[in-house]
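The values are calculated or read from the model by the stated rules, or taken from the named source; none is laboratory data. Keep in mind the model is a prediction, meaning the values are calculated, not measured. A quick note on method: Cβ atoms are made from the backbone with ideal geometry, for glycine too, and the neighbour counts reach across all protein chains shown. Remember, those area values only see protein heavy atoms, side chains included, never the ligands or the DNA or RNA. Shrake-Rupley method; radii C 1.70, N 1.55, O 1.52, S 1.80 Å.
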Amino acid sequence: TLHQHTFELLAQDLSGCYSVEQLADKLSALADLMLEETLFRAWPLAQPKGTDTTTLPAPEFAIIAYGKLGGKELGYASDLDLVFLYDDPDQNASEHYVKLGRRMISWLSTLTSSGRLYEVDMRLRPDGNAGLIAVSIDSFEQYQQQQAWSWEHQALTRARFVAGSSRIGERFEQVRQDILVRPRDLQQLKADIRQM
């Protein structure tokens with residue numbers, strides 16, 4: 001289980017087996033694995049009743065990590081800053097992937113007798129807590145290009161694709177690079193930083 005692996009890492013850490021960077025890499029890799037597994041297990045459960053889940057196609061869905069997990073700097077008590085993206089033309093896609101996202105958050109953050117797997121923070125998604133749990137990659141790109149605040153662009157410096165559709169992950173990386181290298185109004189940027 002996650003707690004068992006974390007305890008093993010803690011014991012090895014106390015024995016001096018890892019540098020701070022090595023430990024953060026291992027804790028981040030463990031979180032990445034848990035997110036992959038959670039997506040794999042939650043996807044069939046997010047289907048409408050009566051769906052044959054034995055022939056279910058993979059979700060057109062990607063998990064993006066920000067913050068400590070995005071930078072592979074996870075600590076023992078770190079939360080997971082996540083954004084869920086999808087790319088599916090189906091007219092019910094938004095509803096479907098929001099349901100999947102909710103199911104995943106529930107699995108990751110439910111308090112059990114062994115404790116909680118992770119605290120999940122979704123405030124970095126477009127429109128923050130007022131936004132949808134899962135957004136289309138097109139909406140994400142449009143938001144980043146036209147509406148995002150400077151601090152949201154700054155947060156992209158520590159964001160990376162973690163699990164799900166690698167195609168969406170590649171598109172996210174292209175959006176991220178485009179935003180990070182675009183020219184800035186230095187006076188406005190200084191004002192935004194002071195305001196932050």
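Given the rule -39500 (n - 2.57) for each run of at least 4 DSSP H residues, summed and divided by the residues of the chain, what is its mean residue ellipticity at 222 nm, to the nearest 500 deg cm²/dmol? Spell out each step's value before the answer.
Values: 8 runs with 102 residues, N = 196.
Theoretical 222 nm ellipticity from helices: -16500 deg cm²/dmol.
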request  = Quick one: pull the percent of accessible area on the chain belonging to carbon and sulfur, 1.4 Å probe, ligands and nucleic acids left out.
outcome  = 51 percent
inquiry  = Only sites in a loop by DSSP and with at most 13 other Cβ atoms within 10 Å count here; which GluC sites (Glu not before Pro) in region 99-188 make the cut?
reply    = Glu119
query = Which whole-number percentage describes the relative contact order of region 56-122, with Cα contacts under 8 Å and a sequence gap of 6 or more?
reply = 32 percent
task = In a Gaussian network model over the chain where Cα atoms closer than 10 Å are linked, find which of Lys26, Lys72, Lys49 has the largest mean-square fluctuation.
result = Lys49
ask   = So which residue, out of Gln177, Gln22, Gln146, gets the largest mean-square fluctuation from a GNM of the chain using Cα contacts under 10 Å as springs?
value = Gln146
key: Probe 1.4 Å, accessible area per residue of the chain, Å²   = 58 Å²
inquiry  = Counting pairwise Cα distances across the chain, what percent come out greater than 31 angstrom?
reply    = 23 percent
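What does the convex hull of the Cα atoms of region 91-196 come to per residue, in Å³, rounded to a whole number?
129 Å³
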request  = Report, by chain and number, residues whose modeled amide H sits under 5 Å from the one on Ala163, excluding near sequence neighbours (fewer than 5 apart, same chain).
outcome  = Ile63
ask   = What share of the DSSP beta bridges in the chain is antiparallel, in percent to the nearest 5?
value = 70 percent
ask   = So what are the three principal axis dimensions of region 71-147 from its Cα atoms, in whole Å, longest to shortest?
value = 40, 26, 21
Proximal lysines to Lys68, defined as alpha-carbon separation beneath 21 angstrom and excluding residues fewer than eight positions away on the same chain = Lys26
query = Tell me, what is the percent relative contact order of the chain, built from C-alpha pairs under 8 Å that lie six or more residues apart?
reply = 25 percent
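Assigning unit charges at the beta carbon (Lys, Arg +1; Asp, Glu -1) and nothing else, what dipole magnitude in debye, to the nearest 20, does the chain show about its Cα centre? Mind showing how you got there, number by number?
Working: 20 positive and 27 negative charges, 67 e Å.
That gives the chain a dipole magnitude of about 320 debye.
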query = If you plug each phi of region 147-161 into the Karplus form 6.51 cos²θ - 1.76 cosθ + 1.60 with θ = phi - 60°, what whole-Hz ³J(HN,Hα) values come out, in order, with x for Gly and Pro?
reply = 10, 5, 7, 4, 5, 6, 5, 4, 5, 5, 5, 10, 10, 7, 6
